[in-house]
Amino acid sequence: MNEQGKQILQMLAEGKITANEAARLLDALEQTEVREREPSSPAHEPNQRRAKYLRVMVDMSESFGGDGPGKVNVRVPFQLLRAGVQLASLIPPQALGRVNEELKKSGVPVDLTQLKPQHIEELIEALDEMTVDVDQPDAKVRVFCE
Amino acid sequence: MPQLLRLQVRRPNHRRVRLWIPVLPVLIVLSPLLLLVTLAAILACLVFRINPIWALVAAGRLLCALKGTHVEVDEPEALLFLDIR
């Protein structure tokens with residue numbers, strides 16, 4: 001029995017509360033403890049429903065771009081992102097330097113030497129709640145996690 | 001690990017190509033070639049001072065992580081469909 005339970009019994013022994021009141025207090029205390037131990041409490045729900053995939057969907061109508069209607073549907077597992085970063089972390093720094101230079105030339109100034117596996121976890125957690133909706137008369141773009 | 005790879009390609013003035021590739025049997029058939037590729041990769045790792053075990057583990061994880069990938073680009077003139085299960 002924990003400290004709070006002992007306090008209730010002490011109050012009963014001293015006559016401060018009746019036996020019925022003590023029983024009700026002990027019941028309430030037990031229920032509180034069960035709720036705290038319960039693994040499926042609402043506080044844990046977001047972790048259980050973590051997104052697994054990044055989805056990009058594009059619907060283009062006939063008037064978009066002149067090539068007629070089109071559809072793009074891409075689903076990328078986040079696990080692939082994690083594995084890719086792990087593989088990238090094995091690349092020697094000299095090679096990463098060259099890759100950075102080429103990326104900069106192509107207009108993507110990303111420093112791959114600063115990319116660490118722990119960063120990708122933070123990125124995935126942030127992406128989890130992200131939804132991008134672009135709704136235009138001739139095209140619809142949706143980026144979301146599922 | 002992925003079990004099935006579905007691929008569809010359609011180009012202008014070409015017939016649509018549909019492929020269902022069972023990954024495990026293909027890997028078994030290509031295992032002698034894969035062994036050579038693995039040996040070459042280990043050698044390359046040693047030359048570039050990369051831990052070959054970590055490199056193999058990372059490559060294996062990358063292969064396993066491909067499961068669930070879906071790419072579909074459908075346009076009037078061309079189609080690309082790739083689904084890994």
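Derivation of every value follows stated rules applied to the coordinates shown; laboratory data play no part. Just so it is clear, the model here is predicted, and its values are computed rather than measured. Glycine also receives a Cβ, built like all others from the backbone with ideal geometry; neighbour counts cover every protein chain displayed.
Run through the stretch A:1-33 and list the trypsin sites (Lys or Arg not before Pro) located in a DSSP loop whose Cβ has at most 13 other Cβ atoms within 10 Å. Working shown, then result.
Details: sites: A:Lys6, A:Lys16, A:Arg24; in loops: A:Lys16.
Those satisfying the criteria are A:Lys16.
Which values of log₁₀ I(q)/I(0), to two decimal places, follow from the Debye formula for the protein assembly as shown at q = 0.11, 0.14, 0.16 Å⁻¹ with a uniform point scatterer at every Cα? Log10 of I(q)/I(0), two decimals: -0.83, -1.17, -1.35.
Can you give the average number of partner chain beta-carbon atoms within 10 Å of each beta-carbon in peptide B:55-62, as a whole number? Show your work: numbers first, answer last.
On the way: counts 3, 0, 4, 8, 4, 1, 7, 7.
What the average comes to for B:55-62 is 4.
For chain B, what is the Kirkwood hydrodynamic radius in Å, using each pair of distinct C-alpha atoms? Display every interim value, and only then the final one.
Values: mean 1/r = 0.0662 Å⁻¹.
After inverting the pairwise mean of 1/r, the radius is 15.1 Å.
Taking the Cα atoms only, what angle lies between the long axis of helix B:52-65 and the longest principal axis of chain B, rounded to 10 degrees? Tilt of helix B:52-65: around 20 degrees.
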